[in-house]
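The values are calculated or read from the model by the stated rules, or taken from the named source; none is laboratory data. Owing to the predicted nature of the structure, the values given are computational and were not obtained by experimental measurement. We place every Cβ from the backbone using ideal geometry, glycine too, and count neighbours over all the protein chains shown.
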Amino acid sequence: MKFDMKQLAIIGPTASGKSDLAIKIAKKIDAYILSIDSLSIYKEIDIVSAKPSKEELQSVKHFGIDVLNPDEYFSVDIFIDIYLHVKELCEQENKNLIIVGGTSFYLKSLLQGLSEIPKIDKETLLHVKTKLSDLTQAYNYLSSIDKEYMSNISPKDRYRIEKALIIHEASKLAPSEWFRLNPPKPIIENLDIFNIDVEREVLRERITKRTANMLKLGLIDEVCYLEHKYTREPNSMGAIGIVEVLDYLDGKVTCEKMLENISTHTAQLAKRQQTFNRTQFENITHATLDRLEDIILAKYLPV
């Protein structure tokens, strides 16, 4: 008899207790965990990303954590590839799956799907490589073809410029026209989503405590190490927690102000996450952390 794998998602703002809840539930419903966190995907960014501890990662099998180096590009299509691999593994090993994290945009992308890209031959790849030798010129060329589409892409975003070039060279269409003719197909359908509701003041207090703990764990040393090894150029080095420490290292702010800035910017991120989670999903259950465990287990724990 084929195993009927169950999937669910636990989302919520940063510092709301998602990871702890996911681990508790995973142990009870025999599930693996897939992280949807745009920073935990990177190796060596441990304190800044507030990854689960080594003990927690060993207690339940996690995916989507420590996959890329900080100077490697991460995008939603990479995440979808990771999801498809994990889903296949869960089906093979008779495990359920819990998707958990704060980057809910990736979850929405799973529900909406991605458009296919056209078939690519060696000649097309050669043309793209030649044009990419001058990134600015490649960006300007694409902008002249599809100004609206390229207005949402940074002139320094090599990955997305390359993707747009590949689509244009292979299809002979503007990227926006290609996507119009090839709409995305959902990767997951009918997924139950559980969102942690937290009062702003409670969340702000948790963020402040977590930031102070990050300092004790070696936040400044971690950022110094990352800067020395990877420079400040990678996208990952623009994350909250890294930027503020770099300002401190540059002598722009005191240590106390650095911590205040991290807490403030994290709280602003949390507010954006809460708004996104409330407005972007169907089949979603909102509840406080202390109630959510019982709600989920009532639905997914075998009777």
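Just to be sure before I move on: is ASP71 surrounded by fewer than 22 Cβ atoms within 10 Å (Cβ to Cβ), under 30 Å from SER154 (Cβ atoms), of a type in the set (Asp, Glu) and under 14 Å from the mean Cα position of the chain (by Cα) in the structure I sent?
Working: surrounded by fewer than 22 Cβ atoms within 10 Å (Cβ to Cβ): yes; under 30 Å from SER154 (Cβ atoms): yes; of a type in the set (Asp, Glu): yes; under 14 Å from the mean Cα position of the chain (by Cα): no.
Here the answer is no, as ASP71 does not meet what is asked.
Yes or no, residue by residue, for (1) small (Gly, Ala, Ser); (2) in the same structural domain as GLY238 (by TED's automatic domain parsing); (3) over 21 Å from ILE120 (Cα atoms):
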position: ASN140; (1), (2), (3): no, no, yes
position: SER144; (1), (2), (3): yes, no, yes
position: LYS147; (1), (2), (3): no, no, yes
position: SER151; (1), (2), (3): yes, no, yes
position: SER154; (1), (2), (3): yes, no, yes
position: ILE161; (1), (2), (3): no, no, no
position: ALA164; (1), (2), (3): yes, no, no
position: ILE167; (1), (2), (3): no, no, no
position: LYS172; (1), (2), (3): no, no, no
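In region 26-68, how many residues are over 16 Å from LEU97 (Cβ atoms) and either of a type in the set (Lys, Arg) or outside the structural domain of ASP81 (by TED's automatic domain parsing) (or both)?
Looking only at that region, the number is 3.
Check region 77-96 and report whether any residue there is in the same structural domain as TYR230 (by TED's automatic domain parsing), closer than 22 Å to LEU39 by Cα and at pLDDT below 90.
Within region 77-96, one or more residues are in the same structural domain as TYR230 (by TED's automatic domain parsing), closer than 22 Å to LEU39 by Cα and at pLDDT below 90.
Name the single residue that is farthest from the chain's Cα centre (by Cα) among those in region 252-268 being surrounded by 15 or more Cβ atoms within 10 Å (Cβ to Cβ) and not polar (S, T, N, Q). Before you say what the answer is, go through the steps one by one.
Of all residues in region 252-268, those surrounded by 15 or more Cβ atoms within 10 Å (Cβ to Cβ) come to 253, 258-267.
Of the ones still in play, those that are also not polar (S, T, N, Q) are 253, 258-260, 262, 265, 267.
Working: VAL253: 29, MET258: 25, LEU259: 24, GLU260: 24, ILE262: 19, HIS265: 18, ALA267: 18 Å.
Result: VAL253.
Could you tell me which residue of region 269-282 is surrounded by the fewest Cβ atoms within 10 Å (Cβ to Cβ), considering only residues that are in a helix (DSSP H, G or I) and without any contact (Cβ under 8 Å) to a residue 60 or more places away in the chain? I'd like the intermediate steps shown before the answer.
Step one: of region 269-282, the residues in a helix (DSSP H, G or I) are 269-279.
So of that shortlist, the ones also without any contact (Cβ under 8 Å) to a residue 60 or more places away in the chain come out as 272, 275, 279.
Values: ARG272: 10, THR275: 11, THR279: 7.
Within region 269-282, the match that is surrounded by the fewest Cβ atoms within 10 Å (Cβ to Cβ) is THR279.
So, in region 117-168, of the ones that are under 22 Å from ASP71 (Cβ atoms) and of a type in the set (Ser, Thr, Tyr), which residue ends up nearest to the chain's Cα centre (by Cα)?
TYR159
Tally time: how many residues in region 116-128 are free of Cβ contacts under 8 Å to residues at least 40 places away in the same chain and of a type in the set (A, V, I, L, M)?
Looking only at that region, the number is 1.
For ASP77, indicate whether it is surrounded by fewer than 20 Cβ atoms within 10 Å (Cβ to Cβ) and in contact with a strand residue (DSSP E or B) (Cβ under 8 Å, 6 or more places away or on another chain). Please lay out each step first, then the result.
Values: surrounded by fewer than 20 Cβ atoms within 10 Å (Cβ to Cβ): yes; in contact with a strand residue (DSSP E or B) (Cβ under 8 Å, 6 or more places away or on another chain): yes.
Here the answer is yes, as ASP77 does meet what is asked.
Identify, from the list LYS131, LYS87, LYS185, the residue that is buried (at least 17 other Cβ atoms within 10 Å of the Cβ), in contact (Cβ under 8 Å) with a residue 12 or more places away in the chain and in contact with an Asp or Glu (Cβ under 9 Å, 6 or more places away or on another chain). Before the answer, list the steps.
Values: LYS87 fails: in contact with an Asp or Glu (Cβ under 9 Å, 6 or more places away or on another chain); LYS185 fails: buried (at least 17 other Cβ atoms within 10 Å of the Cβ).
Going through LYS131, LYS87, LYS185 in turn, just one is buried (at least 17 other Cβ atoms within 10 Å of the Cβ), in contact (Cβ under 8 Å) with a residue 12 or more places away in the chain and in contact with an Asp or Glu (Cβ under 9 Å, 6 or more places away or on another chain): LYS131.
Give the residues of region 163-175 that are free of Cβ contacts under 8 Å to residues at least 40 places away in the same chain and either within 30 Å of LEU8 (Cβ to Cβ) or buried (at least 17 other Cβ atoms within 10 Å of the Cβ) (or both), sorted by residue number.
Passing the criteria: ALA164, LEU165, HIS168, LEU173, ALA174, PRO175.
Find all pairs meeting these conditions: Cβ atoms under 9 angstrom apart; at least six residues apart or on different chains; first residue within region 288-303 and in a loop (DSSP other than H, G, I, E, B); second residue surrounded by 12 or more Cβ atoms within 10 Å (Cβ to Cβ).
Once the first residue is in a loop (DSSP other than H, G, I, E, B) and sits in region 288-303, its partners that are surrounded by 12 or more Cβ atoms within 10 Å (Cβ to Cβ) give LEU301/ILE25; LEU301/LYS28; LEU301/ILE29; PRO302/ILE29.
Could you check region 134-162 and list, in sequence order, the residues that are free of Cβ contacts under 8 Å to residues at least 24 places away in the same chain and assigned to a loop (DSSP other than H, G, I, E, B)?
Across region 134-162, the qualifying residues are ASP134, SER151, ASN152, ILE153, SER154, PRO155, LYS156, ASP157.
Answer with yes or no whether TYR73 is at pLDDT 95 or above and at negative phi. Please lay out each step first, then the result.
Working: at pLDDT 95 or above: no; at negative phi: yes.
Answer is no for this residue.
When you check PHE194 against the structure, is it among the aromatic types (Phe, Trp, Tyr), surrounded by 12 or more Cβ atoms within 10 Å (Cβ to Cβ) and over 23 Å from LYS119 (Cβ atoms), yes or no? Walk me through how you get there before you give the answer.
On the way: among the aromatic types (Phe, Trp, Tyr): yes; surrounded by 12 or more Cβ atoms within 10 Å (Cβ to Cβ): yes; over 23 Å from LYS119 (Cβ atoms): yes.
It is true that PHE194 is among the aromatic types (Phe, Trp, Tyr), surrounded by 12 or more Cβ atoms within 10 Å (Cβ to Cβ) and over 23 Å from LYS119 (Cβ atoms).
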